[in-house]
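Nothing in this text is a laboratory measurement; each read-out follows from the coordinates by a stated rule. Remember, it's a predicted structure, so these values are computed and weren't measured experimentally. Positions of Cβ are backbone-derived with ideal geometry, glycine not excepted, and every protein chain shown enters the neighbour counts.
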Amino acid sequence: MTPLFGKKTEPDWFLPEDVRKQLKETFADLKNPVALELFAKAGVNDEFSDYTAKFATDLSRLTDKITFARHELSSDRAKELGVTASPTLCVNPDKCHVRFLGAPLGEEGKSFITAIFLASLATSGLSETSLSILEPLEEERLVQVFVSPTCPYCPGQVMHAVKCALARPKLVRAECVEMSENPELAERYNVGSVPHTVINEGAHTGLGLMPEERFVAEMVHLASAEELKKEGALPDFLDGKTGAGYGSIEPGEVDLVIVGAGPAGLTAGIYAVRAGLKAVILEKSIVGGQVALTPVVENYPGFASVPGKQLMDIMSEHARQYIPVHEGEEVEGIERGESLTVTTSRGVYTAKTVILTTGAAYRQLGAPGEDVYFGRGVNYCASCDGYLYKGKKVAVIGGGNTALTDALHLKHLGVEVTIIHRRDEFRAQVPLRESVEREGIPIIWNTVVEEIMGDGKRATGLRLRNVRDDATSELAVDGAFVAIGQVAATELAKSLGTDLNESGFVAVDSAMRTSVPGVYAAGDLVGGLQQIVTAIGEGSVAAMSAFEDISHPRWKKAPTPANGSNTENA
Ligand code: NAP
């Protein structure tokens, strides 16, 4: 082994001082030694190999629990471990197969540090439920998660794979594959959006971030959760049924369950716990909601311009000082009764009240080809997938704040971008319109996308129709970003029987009470302005209403039928 850069006396550091300070404090909790080994070949991804070496060297200088060595890709050690990509960073390679193919840049820095931690603490970090799903696995699994550095969803999916590899080191191999540094591998598996998970070289493929238990079930059975459900092979606890199969949960009985960890949910959590409620936030995907996917936010007071992910990281850190935030825990059903029974992918909560902040999902165009080429040229998240289109040609479809923010982000990444909008005027705010004009982004006005065309493998172009004269045309593109608004995620609310308003959002009164006693809603789910600041305001109001109603449970005294305006319902 050849130690790199490595003498502990060297004064120069690669990581900034504040990051080092934070890491040093965190590393004080490491238990067992962790070996990092980097394999690189000169002339292949040199700057990324250098970055990785410097990053890992700094880590080894911050604690004596981490050691670092660099090897040539042609070395015997590389052959022994079967490493072929440059750079490849292995975590504890003699004990498990946890590898980063490509530099752990940006968002992936977090999964790398978390992997070190779990390896050092000799724990997988999987939930009890996931461990019980993993237990029957008897065959080998190679899990390759393709990522990009700006994808906020990717570290979650990488960590699912890493945790499985730590839990079953003899059977599960986990690889985080940075796709632009491994283009041949990405090409082989036709990766067009991230995270893109390939198991056993294509025996099963998954797109997007999954809740942990679902990921483990799909990995074990090599089938999608939907297929498993159809075959009746999905474990009960992933099938929305209450009962057997749950591991221990904490806490079982609570005052309040908040569903969703966007700005509304996080704020509700802060206010609820500060009011003295025992509460938990459950989030099936990533903390931060849609804002975490917004490249830049320019209208949140106090921040002239801030990446959405950064803003939500700050907000979630603040919320976590008060309230447990369970990421990757999906709420599968809520039943009304004496109290509210919230069934999740990990257990059952009995709650006096529930605040729904389930937000909204991307609206789809509904054009032929959209589903076929999803993840293969059709994208909805510019923060996640914009990086994959550097130097390529894409269309952004839509005329709202999201479409223009995405178009500007893509342009800044070096993507050749055109906006397609169905009218002759944007609804986006003036500063965004001005920026688009200043950047000279071409706009195709009064035009709708009638079809997303492709060669069977990837999207290759769009069939367009001018709504004024019905003239049709084709536009050759490598990808399309659909940014035509959101559809409220009302499934849980509907299953509870809450009233919806005429626009399809959950109807609430001015105290954010829904038509169902003890159930409140806030954020994008209730429509309105749908801004971060309004979501925050609504979240705080919902929490205070839950507190007030728990203290003086009016619904127990005078329940009235739901009527949509629901002012007197609770
Ligand atoms: P939006 O404001 O609803 O805009 C959707 C856009 O897509 C509109 O231009 C609409 O056209 C177009 N559209 C809708 N359906 C279409 C279809 N079937 N085919 C073609 N075009 C279609 O959605 P958004 O931009 O995602 O924003 C959602 C909310 O989040 C808004 O309240 C927005 O202000 C907020 N947001 C804020 C920021 C920020 O402040 N930084 C960033 C992103 C989002 P028409 O204009 O013709 O209706």
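Structure data summary
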read-out: Using θ = phi - 60° and Karplus 6.51 cos²θ - 1.76 cosθ + 1.60, couplings along the stretch 370-386 (whole Hz; Gly, Pro as x); value: 5, 5, 4, 9, 4, x, 10, x, 9, 9, 10, 10, 5, 4, 6, 10, x
read-out: Among 158-171, 306-319, the order from most to least packed when residues are scored by Cβ within 10 Å on average; value: 158-171, 306-319
read-out: Long pairs among LYS95/LYS163; LYS54/LYS392; LYS54/LYS284; LYS31/LYS110; LYS163/LYS284, criterion Cα-Cα beyond 23 Å; value: LYS54/LYS392; LYS54/LYS284
read-out: Size of electric dipole in the stretch 378-484: Cβ of Lys, Arg +1 and of Asp, Glu -1, about Cα centre, debye, nearest 20; value: 180
read-out: Peptides ranked, highest mean first, by Cβ atoms within 10 Å: ranges 29-38, 334-343, 523-532; value: 523-532, 29-38, 334-343
read-out: Spatially proximal aspartates and glutamates relative to LYS230 (Cα-Cα < 13 Å; intrachain offsets below 8 disregarded); value: ASP239
read-out: Proximal aspartates and glutamates relative to LYS41, as straight alpha-carbon distance under 17 Å, when same-chain residues fewer than 8 apart are discounted; value: ASP50, GLU72, ASP76, GLU80, GLU178, GLU181, GLU184
read-out: Free-standing Cys, the chain [no other Cys Cβ under 4.7 Å]; value: CYS90, CYS96, CYS164, CYS176
read-out: Bins of 10 Å from zero: percent of alpha-carbon pairs in the stretch 378-484; value: 16, 50, 30, 3
read-out: Derived scalar couplings ³J(HN,Hα) [the stretch 86-97; Karplus, 6.51 cos²θ - 1.76 cosθ + 1.60; whole Hz; x for Gly, Pro]; value: 10, x, 10, 10, 9, 9, 6, x, 7, 10, 7, 10
read-out: Residues with amide H under 5 Å from that of THR447, placed H, sequence gap 5 or more; value: HIS421, ARG422, ARG423, VAL467
read-out: Point-charge dipole on Cβ atoms (K/R +1, D/E -1) for the chain, about Cα centre, debye to 20; value: 620
read-out: Rounded if a/c under 1.5, otherwise prolate or oblate - the stretch 39-89, Cα gyration tensor axes; value: oblate
read-out: MRE, 222 nm, helices only [DSSP H, n ≥ 4, -39500 (n - 2.57), over the chain, to nearest 500]; value: -9000 deg cm²/dmol
read-out: Residue-wise HN-Hα coupling along the stretch 424-432, computed from phi with Karplus coefficients 6.51, -1.76, 1.60 (Hz; x: Gly, Pro); value: 9, 8, 7, 8, 5, 5, 4, x, 5
read-out: Check: the stretch 264-333 dipole with +1 on Lys, Arg Cβ and -1 on Asp, Glu Cβ, in debye; value: 260
read-out: Amide H contacts of VAL396 (H built 1.01 Å from N, under 5 Å, at least 5 apart or other chain); value: THR418, ILE419, ILE420, PHE481
read-out: Under-5 Å amide H pairs with TYR520, H placed in peptide plane, nonlocal only; value: VAL354, ILE355, LEU356, THR514
read-out: Radius, Kirkwood style, for the chain when every pair of distinct Cα atoms is counted (Å); value: 25.1
read-out: The stretch 17-239: relative contact order in percent, alpha carbon pairs under 8 Å with at least 6 residues between; value: 18
